[in-house]
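These notes concern the structure reproduced below.
Bear in mind these aren't lab numbers, they're just calculated from the coordinates by the rules spelled out. In this text, all values refer to a predicted model and were calculated from it rather than measured experimentally. Positions of Cβ are backbone-derived with ideal geometry, glycine not excepted, and every protein chain shown enters the neighbour counts.
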Amino acid sequence: MAELVFFSGTMDCGKSTLALQMDHNHAARGRVGLIYTKLDRAGANVLSSRLGLSRGSLEVGDDLDFWESTVSRATAGARIDYLVCDEAQFYTAAQVDQLARVVDEMDVDVFAFGITTDFRTELFPGSKRLIELADRVSVLQVEALCWCGRRATTNARVVDGQMVVEGEQVVVGDTAPAGSEVVPEVEYEVLCRRHYMRRMTSHAARAASISPEVLPFDLDVCAVPSPPAHPSESTRPPLPITQAD
Ligand SMILES: [Zn+2]
């Protein structure tokens, strides 16, 4: 019995790596699948992972109908056992409905991979629909880490060094390479909820540690009251890392 499975997580948790591994495992058992992605960091028609793996893939445009496309490929004689669908958060709700129909009526497995929430901590439309329809939702076990070492559950958008919480839902950027001097205009950083709420990115934390006389975060942007300092937090220096998957 085919299944619609949604593998979810934050950025940096290894989704694309697992998507490629999933394809590899099924192909190694003689199954035939198609790989789809949308707005991959490496460009159109490539599914890439931060570990350096990549594979050719089909680009998902807004006008793609997964049902029509899969039916026409099968009608033309193609064997399709499964679909690997990366960056599924960017798919439309209608496309997720089409994927569910492919599972139910064509007995094709669909393995979808995506980020659940955007930089405002709101669900992406594709992820929302997948959570509603999937046979299983699996939270990836490779946990992305905030600069403080806690589990990261949010994706912060940083524009020219400043964390923002308003703007277009989809602006493609990337996590800055570790130690890179050139900062992209738009980048993303995974944060724990506490530091998301405080707008405390690794950059802001470093700036605060350089000036010990100033408060560790700007009170103007700190909407939450500060809890008593955690003993280990006050002694642990901020880690100047960008966690890669
Ligand atoms: Zn944190």
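Tabulated results
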{"item": "Rounded Å value of the spacing that divides the Cα centres of segment 89-120 and segment 1-75", "result": "11"}
{"item": "Amide H partners (placed H, <5 Å) of residue 138, local residues excluded", "result": "6, 7, 8"}
{"item": "Sites matching GluC sites (Glu not before Pro) across segment 57-135 that sit in DSSP coil, with at most 16 neighbouring C-beta atoms within 10 Å", "result": "122"}
{"item": "Gyration tensor (alpha-carbon) shape descriptor, segment 12-158, a/c threshold 1.5", "result": "prolate"}
